[in-house]
């Protein structure tokens with residue numbers, strides 16, 4: 001859809017006005033971040049922080065180094081992010097990852113649905129197919145050694 005010059009100017013003004021209405025968090029917002037990433041607030045000055053680097057600790061934990069964007073503060077710190085429970089089970093679960101189900105998940109209902117569900121063909125696009133019963137004792141076919 002093409003806009004006239006007047007419409008484009010009106011849209012531009014509306015966008016600028018919306019940006020002005022946004023309130024900064026804390027006393028100092030620091031510089032603009034290049035990427036959103038995981039937002040973290042500086043525990044000292046409450047400015048936004050930027051991820052400098054991160055590394056996996058395990059399949060369910062990651063250690064991240066943050067740096068405050070407020071140049072007067074400059075606090076650099078390490079935070080850990082851990083996956084602690086499953087809210088909705090994966091359609092392609094990794095048998096080596098053991099996460100508890102959240103208490104809100106109705107296990108009895110899941111069993112009924114799985115027992116009565118039919119099968120439909122699906123060609124995986126983003127994950128390697130793993131066939132077999134993940135709950136059986138045998139190693140599924142297609143899984144790596």
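With 10 angstrom as the radius, rank 50, 72 by how many other C-beta atoms surround their C-beta, starting from the fewest.
Placing the least packed residue first, the sequence is 72, 50.
For residue 63 paired with residue 5, estimate the spin-label separation in nm (one decimal), with each label point 7 Å from Cα along the Cα-to-Cβ line.
Here the answer is 5.9 nm between the modelled labels.
Given the Cα-Cα distance of residue 53 and residue 121 and 0.36 nm per residue of separation, how much length would full extension add, in nm?
In short, 20.4 nm is gained.
Evaluate the distance, in nm, between pseudo-label points positioned 7 Å from the Cα of residue 105 and of residue 91 along their respective Cα→Cβ axes.
Result: 1.7 nm between the two label points.
For region 40-91, what relative contact order do you get, as a whole percent, if you take Cα pairs closer than 8 Å and at least 6 residues apart?
29 percent
For the residues 42, 73, what sequence is obtained by ranking on other C-beta atoms within 10 Å, fewest first?
Values: 42 22, 73 17.
Going from sparsest to densest Cβ surroundings: 73, 42.
None of the figures in this text is laboratory data; all of them are computed from the coordinates on show. On a predicted model such as this, the values are computed, not experimentally measured, just so you know. Neighbour counts are summed over all protein chains in view; Cβ atoms, including those assigned to glycine, are modelled from backbone coordinates with ideal geometry.
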